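Comments concern the structure below.
The values are calculated or read from the model by the stated rules, or taken from the named source; none is laboratory data. As the structure is a prediction and not an experimental result, all values here were calculated from the model. Backbone-built Cβ (ideal geometry, glycine too); neighbour counts: all protein chains shown.
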Amino acid sequence: MECLMGIRFNDFVLLAADRINIWSIMAIKHDMNKIKNLSDNLIMGVIGEQGDSVQFSEFISKNIQLYKMRNDYELSPTAAATYIQRNLAHYLRSRTPYHVNLLVAGYDTVTNKPELHYLDYLATSTPVPYAAHGYGGLFTMGLMDRIYKADSTLEEGISMLRKCIEEIQKRLVVSLPSFKVCVVDKNGYRDLPDIIVNPPKLGINMPQPDASVSMMV
């Protein structure tokens, strides 16, 4: 029931991930961070099995930092996505596969272009202008396709994410009221304010008790 979304524009790329941590039918936490900072210009959103998500994201982040220390330069977004894909493919053919779906977002300081890469648990990897994982993606991909504009400003990009999150809140049976949002551009990675959805403002009917009906105890 998790949701992870990413949108690439001409000058920056946005990632948004829901904040809820679910186990079975229980909501364990509402302040979960599912977006990992890999380097100054590279971030990764991860959803999937809880243990797999934590272990794989830690494994990838530490090894990318190790590569930087050994070689004195950072991996480009494309190189990082290829490295992640290779590890997913390796573990997929082992006894301990990682059931995780990812979006890798970054800014290539050589080409001066933002990048967004879609990866799934079967080690699929491809660059995309926008993407979504989870049940929320079933409701947002068509909306993204309709309203996406590559030359949008940061404010317009955030507005686009908000429209997608509002659609998820309206249609998905599970409530995902808050999303963590991050941006990567030529100035690097930074957190943006969370997008929090208020159901009554969306016109969602909230049942009210009938004062004329008394309860018999």
Restricting attention to region 129-152, and to residues there that are exposed (fewer than 14 other Cβ atoms within 10 Å of the Cβ) and in contact with a strand residue (DSSP E or B) (Cβ under 9 Å, 6 or more places away or on another chain), which single residue is modelled with the lowest pLDDT?
-> LEU138
Can GLN65 be described as under 16 Å from the mean Cα position of the chain (by Cα), farther than 18 Å from VAL128 by Cβ and of a type outside the set (A, V, I, L, M)?
-> no
Considering only residues of region 1-28 that are small (Gly, Ala, Ser) and modelled with pLDDT under 90, which is surrounded by the fewest Cβ atoms within 10 Å (Cβ to Cβ)?
-> SER24
Among the strands (runs of 3 or more DSSP E) contained in region 1-50, which hold 2 or more residues that are without any contact (Cβ under 8 Å) to a residue 24 or more places away in the chain and either within 10 Å of the chain's Cα centre (by Cα) or over 27 Å from ARG146 (Cα atoms) (or both)?
-> 26-29
Which one of ALA81, ALA89 is under 28 Å from CYS164 (Cβ atoms) and of a type in the set (A, V, I, L, M, F, W, C)?
-> ALA81
Taking region 162-201, which residues are surrounded by 12 or more Cβ atoms within 10 Å (Cβ to Cβ) and either small (Gly, Ala, Ser) or modelled with pLDDT under 65 (or both)?
-> SER175, SER178, GLY188
For GLN65, are the conditions met, namely being among the polar types (S, T, N, Q) and touching a residue at least 40 places away in the same chain (Cβ under 8 Å)?
-> no
Per the filter on region 68-114, residues within 19 Å of VAL128 (Cα to Cα), part of a helix (DSSP H, G or I) and polar (S, T, N, Q) are THR78, THR82, GLN85
When region 161-179 is checked residue by residue, the ones that are in contact with a Phe, Trp or Tyr (Cβ under 7 Å, 6 or more places away or on another chain) and basic (Lys, Arg) are ARG171
Of the candidates LEU88, LEU119, the one satisfying the condition of being farther than 27 Å from LEU143 by Cα, in contact with a strand residue (DSSP E or B) (Cβ under 7 Å, 6 or more places away or on another chain) and not small (Gly, Ala, Ser) is LEU88
Looking across region 61-88 at residues that are surrounded by 14 or more Cβ atoms within 10 Å (Cβ to Cβ) and hydrophobic (A, V, I, L, M, F, W, C), the single one that is nearest to LEU116 (Cα to Cα) is ALA81
Could you figure out which of (1) more than 26 Å from PHE12 (Cβ to Cβ); (2) surrounded by 14 or more Cβ atoms within 10 Å (Cβ to Cβ) isn't true of LEU122?
-> (2)
Scan ARG146, ARG162, ARG171 and give me the residue that is closer than 30 Å to GLY51 by Cβ and of a type in the set (Lys, Arg).
-> ARG171
